[in-house]
Amino acid sequence: MLKQTPQSLSLEAKQLDFLAKVFPFLDFPLENFVATMEVNVTGTFLCAKHAVRHMLAQEPVAGERGSIITVASVEGLEGTAGGSSYNASKGGVVNLTRALALELAPDIRVNCVCPGYVDTDMVRQAINAAPHPAQAEAALEASAPLNRRTAIPPSPGGVMMATIVSSATG
């Protein structure tokens with residue numbers, strides 16, 4: 001649920017455990033696809049829309065009225081078998097971000113962070129649900145570019161803070 005006050009904007013969300021389940025494309029329930037799109041794409045759209053209204057009403061600081069950072073995934077840039085709805089939704093977030101960056105510039109800066117695999121409960125559930133969990137985890141590690149390991153939370157948050165700080169200071 002989106003909560004808005006003059007001083008803050010926050011989003012409360014329910015846990016969506018079905019996102020961790022991998023279904024073959026033909027077996028993927030339509031209601032899960034729609035729910036995934038609503039949470040990831042529609043949720044990002046609504047949060048940005050409400051934030052932009054506040055940002056445009058405030059005075060510029062260093063030539064900008066604000067910064068929006070969306071969170072997608074490496075899965076929004078490349079597909080994976082069994083991930084059609086998640087991949088499509090995160091790709092939607094990436095392209096929504098691109099469109100907002102063009103539309104809102106130069107007043108509002110818009111960037112997207114696309115983390116690789118982060119060692120979360122959702123990723124652990126997917127690994128453990130695989131027919132051969134050890135092989136699934138090894139394949140996941142091997143898929144990381146430049147032999148980087150799976151991130152440990154809250155590492156994507158650090159990228160977002162660095163984006164905000166570096167742009168605010170010049």
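Each reported figure results from applying straightforward, stated rules to the coordinates on display, with no laboratory input. Remember, it's a predicted structure, so these values are computed and weren't measured experimentally. Cβ coordinates were reconstructed from backbone atoms using ideal geometry, including for glycine residues, and neighbour counts include every protein chain displayed.
Model label sites at ASP107 and VAL123, defined 7 Å from Cα along the beta-carbon direction, differ in position by 3.8 nm. For region 27-68, the Kirkwood estimate of hydrodynamic radius, built from reciprocal distances between every pair of different alpha carbons, is 12.2 Å. Explain nothing, just compute: Karplus ³J(HN,Hα) = 6.51 cos²θ - 1.76 cosθ + 1.60, θ = phi - 60°, for every residue of region 55-61 in order, whole Hz, x for Gly and Pro. Using θ = phi - 60°, the values come out as 5, 5, 7, 9, 6, x, 10 Hz. Each label point was placed 7 Å from the Cα along the Cα-to-Cβ direction; for ARG98 and ALA35 their separation is 3.0 nm. Summed over all non-identical Cα pairs, the Kirkwood treatment of region 18-146 gives a radius of 16.3 Å. Per-residue Karplus couplings for region 91-106, computed as 6.51 cos²θ - 1.76 cosθ + 1.60 with θ equal to phi - 60°, are listed in order as x, x, 5, 4, 6, 4, 4, 4, 5, 5, 4, 6, 6, 9, 5, x Hz, Gly and Pro entered as x.
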